[in-house]
Amino acid sequence: MTDIATMKDFRTIYADTLIELAQEDSRVVVFEADLMSATGTKHFKELFPERSINCGVAEANMVGIASGLSSQGFIPFVNTFGCFATRRAYDQFFLSANYARQNVKLVGLDPGITAAFNGGTHMPFCDIALTRVIPDLVVVEPGDGWAVHHLTKAVYAHQGSVYVRLQRKGNPIFYDANQTFELGKGIIVRDGKDVTLVATGAVMLEQAILASQALEKENISAAVIDMHTIKPLDKELVLSYAKKTNAVVTCENAQMAGGLGSAVSEFLSEQYPTVVRRVGIQDLFGEVGTVEYLMKRFALTAGQIVQEAKDAIKRK
Amino acid sequence: MGRTMNNQELKQLQVIAKHIRRDTIEEIGNLGVGHIGGALSVVDILTLLYFRVMEHIDPKNPRNENRDKLVLSKGHAGPALYAVLAEKGFFPKEWLLTLNKGGTNLPSHCDMNRTPGIDFTTGSLGQGSSAAAGIALADKLKRIEAITYLIIGDGESQEGQIWEMAMFAAQYKLSNLIAFTDYNKLQIDGSTSDIIDLGDIELKWKGFGWFVQRVNGHDFEALEDAVLQAKAQGEKPSMIICDTIKAKGFSLAEGLASSHNMAYSKEVAKQAIEELMAEDGGKEK
Ligand SMILES: Cc1ncc(C[n+]2csc(CCOP(=O)(O)OP(=O)(O)O)c2C)c(N)n1
């Protein structure tokens, strides 16, 4: 595999990783719903024509078919935009894939505001909330190119269904080649003692890192945690940093009701009541625009994180 | 049926459609990327409906209850409908250049709460079809004599919801629902026949209890004739299968699946428009 850090897009890394997995394991099958061009699995199809299944524009049917395949021992990776992956095929994913205890890897592309020009109808803000309430499901959002590669492999190796939020475009890199990734284990990107920024996904991981740098200039020491697995939450890590910093800010490119912010708050309020502030979408529908515009529009910026961090520290 | 349109009327529609194509190419070209293919394939259907067929369409009163309504269920073709609505005077043409920009009233997919003249919000394929049937049912319940027009894509027809709606509309005898399938034979990943084949699409709709016709979707007279027949039969919901060409009128993209969500520069748009405008409208027939 070529150097991950030099690749153009998350989707290319994802698609190449699927090829790697399919070469090793004949049970790996890729499902598309007329968005193969968007996912970038055309090369997969050339190499494994029989294991590339295009269901057309029929997401609910696709998730159902994948569940049937799974019951016969296959490992389906099912790709479509996150809005359709969760909202359109929710009952099929809930029952046929999860209640029936199947092994379906559902990948929702263009999470949150990264749906950009496709606008409000295509903007998955509530996908974390929807998937997080499915018992035993694993919910993942890789934060950089290395994470996409390694977590795709971890998702494959996990026995059971998974929902992956996958940004398609761009390849921000925050780790080096030696970084390891384990499902359910958050990563301490930066240590700190005054406040902990818990982020998920590339957009917000970057903003959290920028925020920690800005806070440093004001002599505030902020830890940054990459919570790439939203469910199961890395409770141990959250608890240890809550104890250490006594102030937490969650950062997600998603509806914060039901999202990472909820997961962290629910856990801490029961186990170790801590001041928690949340950065995320505040009960709003999506809109059309560039990612940069939408970040400002929905207050998903380093500036917002800085403000919430200071506020959290004040309330300690 | 005999001719219902004289040569001058036909010519007029062709000129309007050409202007709508020009504005659509420019609108998307100004942004640099967009769903040009599926927008251009429905321009003639939209032109016929808005400039000849639909009644009580009033830009000053876009929510007039008695109006004919239109649901563009393949909502990604919104930019073509925006060009039509601007031409009709629902909003200034300058709005077209705000397509997809932050804070715009013209998002990539149709939004009834943002854009004057849009009758229903669409973008998640399949959903507009049921909404259209709901609107037609509402008019029936309210004894309003209006027609609801619905435009769906051929790729979109792979959604199960389309066929759930089809059975519903037949059951409720929604003869005031006239649908068009924009049968351009393409979706994103290639041709519909290679992905999930629609098979005998006329037979399918007939089997679902609809009044079915098939026409060239770029032929105004054939389209109008089909609408008149659909209205005249008065018993069943109607499906007009329209053979169309994706990206029709944009020579370098015509008939290509890659025209679906295509990036092109303002320069390319300019050239395409020059070429389009130089064509003789009369030849299009
Ligand atoms: C439920 C849903 N799934 C997927 C998409 C993404 N998508 C947008 S257009 C399109 C292809 C539609 O093909 P068709 O209906 O033939 O449209 P046309 O070729 O006329 O543009 C797809 C898959 C969507 N908008 N909605």
Rg and Dmax of chain B, Cα atoms, in Å?
-> 17.5, 51
If you bin the C-alpha pair distances of segment B:47-108 every 10 Å from 0, what whole percents do you get?
-> 21, 52, 26, 2
On the first, second and third principal axes, largest extent first, how far apart are the outermost C-alpha atoms of segment A:90-181 in Å?
-> 38, 34, 15
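Per-residue Cβ counts within 10 Å, from other chains only, averaged over A:119-125: what number is that? Working shown, then result.
On the way: counts 12, 8, 13, 7, 0, 0, 0.
Mean partner-chain Cβ count within 10 Å for A:119-125: 6.
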Extent along principal axes [Cα atoms of segment B:48-190; Å; largest to smallest] | 44, 41, 25
Amide hydrogen neighbours beyond the local backbone of B:Val33, cut-off 5 Å, H modeled = B:Tyr264
Reachable aspartates and glutamates from B:Lys142, criterion Cα separation under 16 angstrom, eight or more residues apart if same chain = B:Glu65, B:Asp68
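What are the chymotrypsin sites (Phe, Trp or Tyr not before Pro) within segment B:169-258 that DSSP puts in a loop, where the Cβ has at most 16 other Cβ atoms within 10 Å?
On the way: sites: B:Tyr172, B:Phe180, B:Tyr183, B:Trp205, B:Phe208, B:Trp210, B:Phe211, B:Phe220, B:Phe250; in loops: B:Tyr172, B:Phe208, B:Trp210, B:Phe250.
The qualifying sites are B:Tyr172.
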If amide H atoms are modeled at 1.01 Å from N in the peptide plane, then the residues at a separation of 5 or more from B:Gly217, or on another chain, having amide H under 5 Å from its own are B:Asp243, B:Thr244
Diffing segment A:288-294: the Karplus 3J(HN,Hα) column from phi (6.51, -1.76, 1.60, θ = phi - 60°), in whole Hz with x for Gly and Pro, holds 8, x, 6, 4, 4, 4, 5
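Tell me, what does the Kirkwood hydrodynamic radius of chain A come to in angstroms if you use every pair of distinct C-alpha atoms? Write out the running numbers ahead of the final one.
Numbers: mean 1/r = 0.0516 Å⁻¹.
When all Cα pairs of chain A are included, the Kirkwood radius is 19.4 Å.
In square nanometres, what is one fourth of the surface area of the convex hull spanned by the alpha carbons of segment A:4-166? List each step's numbers first, then the result.
Values: hull surface 33.8 nm².
Average of the hull's projected areas for segment A:4-166 equals 8.4 nm².
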DSSP beta bridges in the protein assembly as shown [antiparallel fraction, %, rounded to 5] = 15
Contact order relative to length of segment A:187-315, as percent, for alpha carbon pairs under 8 angstrom and 6 or more apart = 29
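Hey, what did chain A get for relative contact order, percent, Cα under 8 Å, at least 6 apart?
Details: 700 pairs, mean separation 53.3, N = 316.
Worked out over chain A, it gives 17 percent.
Averaged over every viewing direction, what's the projected area of the C-alpha convex hull for segment A:256-307? Give it in nm², one decimal, please.
Details: hull surface 16.2 nm².
Mean shadow area of the hull around the Cα atoms is 4.0 nm².
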Counting only C-alpha contacts under 8 Å and six or more residues apart, can you give the relative contact order of chain B as a whole percent?
-> 24
When the Cα centres of segment B:131-169 and segment B:214-285 are compared, how far apart do they sit, in Å?
-> 22
Distribution output for the protein assembly as shown: share of Cα-Cα pairs per 20 Å bin in percent, first bin at 0, values 20, 49, 27, 4, 0
Give A:Lys243/A:Lys314; B:Lys18/B:Lys74; A:Lys231/A:Lys314 a once-over and call out the pairs whose C-alpha atoms are over 18 Å from each other.
-> B:Lys18/B:Lys74; A:Lys231/A:Lys314
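Calculate the translational D of segment A:187-315 in whole µm² s⁻¹ from Stokes-Einstein, where the hydrodynamic radius comes from the Kirkwood formula applied to all Cα pairs, the temperature is 20 °C and the viscosity 1.002 mPa s. Present the calculation step by step, with values, prior to reporting the outcome.
Values: Rh = 14.2 Å.
It diffuses with D of about 151 µm²/s by this estimate.
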How crowded by other chains is B:107-114, given as the mean number of beta carbons from other chains within 10 Å of each beta carbon?
-> 5
Restricting attention to segment B:1-110, which GluC sites (Glu not before Pro) occupy a DSSP loop and are surrounded by at most 14 other Cβ atoms within 10 Å?
-> B:Glu55, B:Glu65
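Find, among the trypsin sites (Lys or Arg not before Pro) in segment A:81-120, those assigned to loop by DSSP (not H, G, I, E, B) with at most 14 other beta-carbon atoms within 10 angstrom. Could you put the intermediate results ahead of the total?
Values: sites: A:Arg87, A:Arg88, A:Arg101, A:Lys105; in loops: A:Arg101.
In loop regions of segment A:81-120 (DSSP not H, G, I, E or B), the sparsely surrounded trypsin sites (Lys or Arg not before Pro) are A:Arg101.
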Once phi for every residue in segment B:12-17 is put through the Karplus expression 6.51 cos²θ - 1.76 cosθ + 1.60 (θ = phi - 60°), the whole-Hz ³J(HN,Hα) values, with Gly and Pro written as x, are 4, 4, 5, 5, 4, 4
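Going by average Cβ neighbours within 10 Å, how do the peptides B:240-249, B:34-43, B:260-269 rank, with the highest at the top? Could the numbers behind the result be given before it?
On the way: B:240-249: 24.0, B:34-43: 28.5, B:260-269: 16.3.
Highest mean packing first, the order is B:34-43, B:240-249, B:260-269.
For the residues A:Ser262, A:Ser240, what sequence is obtained by ranking on other C-beta atoms within 10 Å, fewest first?
Details: A:Ser262 21, A:Ser240 14.
By the 10 Å Cβ count, ascending: A:Ser240, A:Ser262.
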At A:Ala100 and B:Lys231, where each label point lies 7 Å from the Cα along Cα→Cβ, what is the point-to-point distance in nanometres?
-> 4.9
Global geometry of segment B:1-120, whether rounded, prolate or oblate, following the gyration tensor of its Cα atoms and the 1.5 cut on a/c = oblate
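Here, each number is a calculation from the coordinates, and none is a lab measurement. Computed from a predicted structure; not experimentally measured. Neighbour counts run over all protein chains shown; Cβ positions are idealised from the backbone, glycine included.
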